[in-house]
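The values are calculated or read from the model by the stated rules, or taken from the named source; none is laboratory data. Everything quoted here is computed from the prediction, not taken from an experiment. With ideal geometry, Cβ positions are generated from the backbone for all residues, glycine too; neighbour counts draw on all protein chains shown. Heads up: the accessible areas ignore ligands, DNA and RNA and are worked out on the full protein's heavy atoms, side chains in. Shrake-Rupley method; radii C 1.70, N 1.55, O 1.52, S 1.80 Å.
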Amino acid sequence: MSRKYFGTDGVRGLVGEYPITPDFAMRLGYAAGKVLSARRGDGTHAAVLIGKDTRVSGYMLEAALQAGLSAAGVDVHITGPLPTPGVAYLTRALRLSAGVVISASHNPFQDNGIKFFGEGGLKLDDAVELEIEAELDKPMSCVSSEMLGRARRVNDAAGRYIEFCKSTFPNELDLRGVKIVVDCAHGAGYQVAPHVFDELGATVIAMGNQPNGMNINEGVGATAPAAMRARVLAEGADFGIALDGDGDRLMVVDAEGELYDGDRLLYVMAKFRHQQAQLAGGVVGTLMTNLGFEHALGKLGIPFARAKVGDRYVLELLKQNGWQLGGESSGHLLCLDKHSTGDAIVSALQVLAAVRLSGQTLAAFCADLPIYPQVLRNVKVRKDFDFRASLTIQAALVEAECELAGRGRVLLRPSGTEPVLRVMVESDDLKLTERWVSHLVEVVNEAVLA
C-alpha cells in the first residue's frame, strides 16, 4: 500500500505549505492519537512525548499536535528543544506509547517536519503509519471532556538525556586533557552536546549554540563543517565534533583539520570492535556507502550489506541480520548495543573511546581505508518525474556502467524529502568520475525538459 503523507523520515515540507500547516498537524495528532489509543486497548490514556529542534515554526506545530492528541484522549509530555535521539531515549525510558519529533533535520529553517517513534524508541512500524494515514482521511471529532488528554512539561529532559549519553562511554575512561570543538548547528543539541563532553572531562569550545529560530544549520553543523574545521585549527583543538540540526548526524575533524565523514567514522568503530572481538556480525551501509569502505571491510573479513538510503532502512537490515553497527556517509550512525536509533553524540563517544583505548589516531585507523572519488549532484525535477521511464537516461546509465565495470558504481535515486534526482558516480579515477557525473546530469536535465 502506497503512502500518501509519510515519507522515509516522517512528514516533511515547507512551513505554511500543505502538509506542514497547523490544521494538518492538529489532524495528524488526532489521527495518531486515535490509532495509539485503539492499539492500547485497555481503556487507559495513551501517552506521547513531543520534542522539537530550534526552528521558530516548532512552537506552532507543537501546539497543533498537542491539541489533536488531547482531542483524541492522549496525554502529552513536552520536552522543548531536544535532539531526535533524546526523544527516542525518553520515549523508551518513560514507557510511553510514542514519541514525536518536530524537525526537518539538516534542512534550512523554512522547512519542518513531523516524525514518530514507537514504543521502545524505535522508528514507527510501517503498519502503524498506514493506520494513521487511513485515520487522517476520516472526519476529526473530539472525545468527551472527562476523557481529554492532559499535557505536562518534562522539566529534566535534557539532564536525563545527558546522563544517558555519558553512560554509553566506558566507565574506566574520561576525556581529561582533550580539547574539543563542539558545533551544535544552532539546533536541538545546543543545551546538551557541550555538557556531555564537558562532564566527561574534556575542554569544550562550543559553537553553533546560539539559536534564534532561523539560523539552524546556517553555515554550521554537520552539513557545513568548514566553520568547525577552521575553529579547530584556530584553537589548536584535538577534535571537532559537528551535529546537524536535530542531533542525529555526525562529522568529526582531527587536530590536523582532516574531515571524517560517516563512512570513515563507521570504519573506525567497526575496525576497533573487530580488533577487540566485540563486533556482532557485520556492518550495514547504504547504496551511497563508498566502494572503498566495502573493499576495506572485506580485507578484514567483516561481512557488509547495503540498504536503501535512509537510516530506517539501515535499521531494518541490521535487525534482519542480527547485527549492531551500521550507518550512512552523511553521518547517520547506528550502534544498536548503545541506542535504538542514530545518535551523533553517542556515535562521537564511540569514536573517542576507540581512539583513547587503542592509542591510535583517527588517521592511523583509516590508513587502510581507500576512499574512491565520489561525486554527487542534485538535479531539480518535477514531483511526478520518473527517471526509469526515460529511454535516454537508461541508455546513458548502461553506457556508464559498462565503462565503469569493476572500477566504480553509478547510482540515480529520487530524494525522499525534496523534488530532486540525486546523481552519484564513484570510481578509482576522479576525472572519469566527474566526466560521467557531468554527462548524466546533462542527460537528466534534457529529459526533464522534454
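Calculated [222 nm] ellipticity per residue, helices only, for the chain: -12000 deg cm²/dmol; basis is -39500 (n - 2.57) per DSSP H run with n ≥ 4, divided by all residues, nearest 500. Reported to the nearest whole Å, the Cα centre-to-centre distance from the range 301-316 to the range 192-265 is 26. With N counted as the residues of the chain, its alpha-carbon radius of gyration over 2.2 N^0.38 Å works out to 0.99.
Dividing the alpha-carbon radius of gyration of the range 374-449 by the rule-of-thumb value 2.2 N^0.38 Å gives 1.04.
Can you work out D for the range 188-342 in µm² s⁻¹ from Stokes-Einstein, where Rh is the Kirkwood radius over C-alpha pairs, the temperature is 4 °C and the viscosity is 1.567 mPa s?
In µm²/s, the coefficient is 79.
Here is the P(r) of the range 173-250: all C-alpha pair distances, binned every 10 Å from 0, give 23, 53, 22, 1 in whole percents. What pairs in K338/K431; K319/K431; K179/K271; K52/K431; K115/K166 have C-alpha atoms more than 31 Å from each other? Cα-Cα > 31 Å for K338/K431; K319/K431; K52/K431; rest within. If amide H atoms are built 1.01 Å from N in the plane of the peptide, which residues on other chains or at least 5 residues away come under 5 Å of the amide H of V283? Excluding prolines and chain starts, which carry no amide H, the hits are F304, A305. With q set to 0.16, 0.31 Å⁻¹, the log10 of I(q)/I(0) for the range 172-218, from the Debye formula over equal scatterers at the Cα positions, is -0.43, -1.04. Note on D384 and V56: the extension gain reaches 115.0 nm, defined as 0.36 nm multiplied by sequence separation minus the Cα-Cα distance. The C-alpha radius of gyration of the range 239-282, expressed as a fraction of 2.2 N^0.38 Å, stands at 1.33.
Note on C402: accessible area is roughly 100 Å² with a 1.4 Å probe, heavy atoms of protein only.
One chain, two ends: E163 and R377. Fully extended at 0.36 nm per residue, the span grows by 73.1 nm beyond their Cα-Cα distance. Residue-wise HN-Hα couplings along the range 434-447, as the Karplus relation 6.51 cos²θ - 1.76 cosθ + 1.60 with θ = phi - 60° gives them from phi, are 5, 5, 6, 4, 4, 5, 5, 4, 4, 5, 5, 4, 5, 5 Hz; Gly and Pro carry x. In terms of accessible area, using a 1.4 Å probe and ignoring ligands and nucleic acids, K179, K271 rank largest first as K179, K271. Exposure check, 1.4 Å probe, all protein chains in place: S167 carries approximately 80 Å² of accessible surface.
Carbon and sulfur together cover what percent of the accessible area of the range 404-450 at a 1.4 Å probe radius?
Roughly 52 percent of what the probe reaches on the range 404-450 is carbon or sulfur.
When the charge dipole of the range 374-449 is built from unit charges on Cβ atoms (+1 for Lys and Arg, -1 for Asp and Glu) and taken about the Cα centre, the candidate among N445, L391, G406 whose Cα reaches farthest toward its positive end is N445. The range 294-450 has equivalent-ellipsoid semi-axes of 33, 20, 14 Å, by the square roots of 5 times the alpha carbon gyration tensor eigenvalues, sorted largest first. Spin-label model, N212 to N321: label points 7 Å out along the Cα-to-beta-carbon direction sit 4.5 nm apart.
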